[in-house]
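Here is the structure we will look at, set down as structure tokens.
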Amino acid sequence: MITADQLKDVQERTEALHRYLNIEKMQVEYEEEELRTQAPDFWDDVARAQEQMKKVKGLEKWLKGYHEVRWLADELQLAFEFYHDDMVTEEEVDADYKKVTEALEKLELKNMLRQKEDPMDCVLKINSGAGGTESQDWAAMLMRMYMRWADAHGHKVTVSNLQEGDEAGIKSVTMEIEGGEYAYGYLKSESGVHRLVRVSPFNAQGKRMTSFASVFVSPLVDDTIEVFVDPSKVSWDTFRSSGAGGQNVNKVETGVRLRYQYVDPDTGEEEEILIENTESRKQLENRNNAMRLLKSQLYDRAMKKRLEAQAKIEAGKKKIEWGSQIRSYVFDDRRVKDHRTNYQTTDVDGVMDGKIDGFIKAYLMEFPIVDEDNN
């Protein structure tokens with residue numbers, strides 16, 4: 001049976017959300033934006049209309065989420081009072097408490113995602129570190145972990161490029177995670193080096209080995225985001241996509257390799273951005289998708305410059321080696337620990353099955369970044 005203090009905590013957290021979200025102002029904004037969709041010429045510009053509808057639906061989801069929490073909190077208050085009058089059971093009160101706390105945590109976590117980029121889909125790339133087959137197998141395990149997480153949260157995963165390992169696992173993979181909600185906002189916490197410690201199945205002596213793999217996450221831009229690409233700095237190569245043999249091997253060069261000579265606007269340093277895409281059997285589609293991935297990288301770089309606090313922990317500036325890892329997965333000790341937040345769990349199997357929300361929430365609470373437009 002919950003205590004009076006637990007009931008008070010629920011009420012206080014609900015009121016805090018009311019203040020943080022500025023519900024009255026949000027309600028007025030929603031009504032104004034929804035009114036614009038009723039204009040006779042609203043659908044004359046389809047792209048603009050779709051963007052407006054997206055904005056309206058976004059506000060509507062925030063309001064529905066808050067009102068659900070408010071209603072559940074009021075129901076808990078009534079149940080708590082009715083219990084003392086012997087009108088409801090202890091189990092019913094506890095069930096109401098569980099419902100409202102779950103709804104609260106969900107909305108509180110979403111409230112931490114107020115950056116413009118957070119609602120976007122994302123590109124997630126995994127590279128195996130030094131260590132050959134062991135590291136390549138670890139990279140494949142991480143790939144599966146993120147695919148399971150995405151599936152559980154209603155996202156669609158598309159593998160746009162995959163380089164298989166020499167004996168097992170993968171050398172690298174690029175995945176586009178779309179649909180669902182806040183793919184980038186949640187997965188941005190995963191950028192960095194991930195360290196595995198286990199008794200290797202690839203070691204004849206059964207020795208305990210340490211492997212590393214890096215994860216890079218960037219927002220996936222769409223047609224509504226304008227990103228400048230200098231055509232004079234773009235070059236293309238084509239190649240045959242790898243297959244499983246027989247009829248699956250491409251006999252034409254459908255794979256594309258995009259090279260972009262990027263110049264840092266602040267330092268003047270030059271760097272070649274290389275993107276390979278083998279997602280489609282049609283070269284034109286692969287070219288278009290490679291260009292979209294390039295724009296996502298350029299957008300991500302510009303965004304990171306604005307978010308200097310986040311850039312300090314940007315994994316791209318770290319080597320895939322000792323001392324740079326953000327998280328350690330120690331299989332023998334049944335422990336997974338995030339070194340940035342100290343959050344840890346003994347549910348290693350659950351984590352590898354994609355249950356990483358605890359790590360994501362701990363990161364967002366430890367490194368909150370407030371949207372300047374919502375201070």
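The values are calculated or read from the model by the stated rules, or taken from the named source; none is laboratory data. Note that this is a predicted model, so its numbers are computed, not measured. We place every Cβ from the backbone using ideal geometry, glycine too, and count neighbours over all the protein chains shown. Side chains included, ligands, DNA and RNA excluded: accessible areas come from the protein's heavy atoms. Shrake-Rupley method; radii C 1.70, N 1.55, O 1.52, S 1.80 Å.
For the chain, set up a GNM with springs between Cα atoms under 10 Å and report which of 276, 51, 285 has the largest fluctuation. Of 276, 51, 285, the Gaussian network model singles out 51 as fluctuating most. On full extension, the segment bounded by residue 284 and residue 41 gains 84.0 nm, given 0.36 nm per residue less the C-alpha separation. Among the chymotrypsin sites (Phe, Trp or Tyr not before Pro) in region 167-210, those placed in a DSSP loop whose Cβ has at most 15 other Cβ atoms within 10 Å are 202. Peptide packing for 14-25, 189-200 was compared via the average number of neighbouring C-beta atoms within 10 Å per residue; ordered from the highest value, the list is 189-200, 14-25.
Over the chain, with every protein chain in place, what whole percent of the accessible area is carbon and sulfur at 1.4 Å, could you tell me? That fraction is 47 percent.
Relative to the longest principal Cα axis of the chain, at what angle does helix 23-36 sit, 0 to 90 degrees, rounded to 10? Helix 23-36 sits at roughly 60 degrees to that axis.
Here the translational diffusion coefficient of the chain follows from Stokes-Einstein with Rh set to the Kirkwood radius across Cα pairs; for 37 °C and 0.692 mPa s it amounts to 140 µm²/s. Note on region 101-232: Cα-only Rg and Dmax are 17.2, 55 Å. For region 87-141, the calculated P(r), taken from all Cα-Cα distances in 5 Å bins from zero up to the bin holding the longest distance, is 4, 14, 11, 9, 9, 10, 12, 11, 9, 6, 3, 2, 1, 0 percent. Can you give me the angle between helix 46-84 and the longest principal axis of the chain, using Cα atoms only, in degrees from 0 to 90, rounded to the nearest 10? Computed tilt is about 40 degrees. If I build a Gaussian network model for the chain, linking alpha-carbon pairs within less than 10 angstrom, which residue out of 31, 164, 105 has the largest mean-square fluctuation? Between 31, 164, 105, it is 31 that shows the largest mean-square fluctuation. Sorting 78-85, 329-336, 292-299, 36-43 by average packing, meaning the other beta carbons within 10 Å per residue, from highest down gives 292-299, 329-336, 78-85, 36-43.
Applying the Karplus relation 6.51 cos²θ - 1.76 cosθ + 1.60 with θ = phi - 60° to region 275-287 yields 3J(HN,Hα) values of 10, 10, 9, 10, 4, 10, 8, 10, 4, 4, 5, 5, 5 Hz, where x marks Gly and Pro. Looking at the chain, the accessible area is 55 square angstrom per residue; that uses a 1.4 Å probe and ignores ligands, DNA and RNA. Relative to the first principal axis of the alpha-carbon coordinates of the chain, what is the inclination of helix 133-152, with its axis defined by its Cα atoms, in degrees from 0 to 90 and to the nearest 10? Around 40 degrees separate the two axes.
Under a Gaussian network description of the chain, with springs only between Cα atoms under 10 Å, the residue in 328, 218, 280 that fluctuates furthest is 280. Distance between the pseudo-spin-label points of residue 270 and residue 130 (7 Å out from Cα toward the beta carbon): 2.9 nm.
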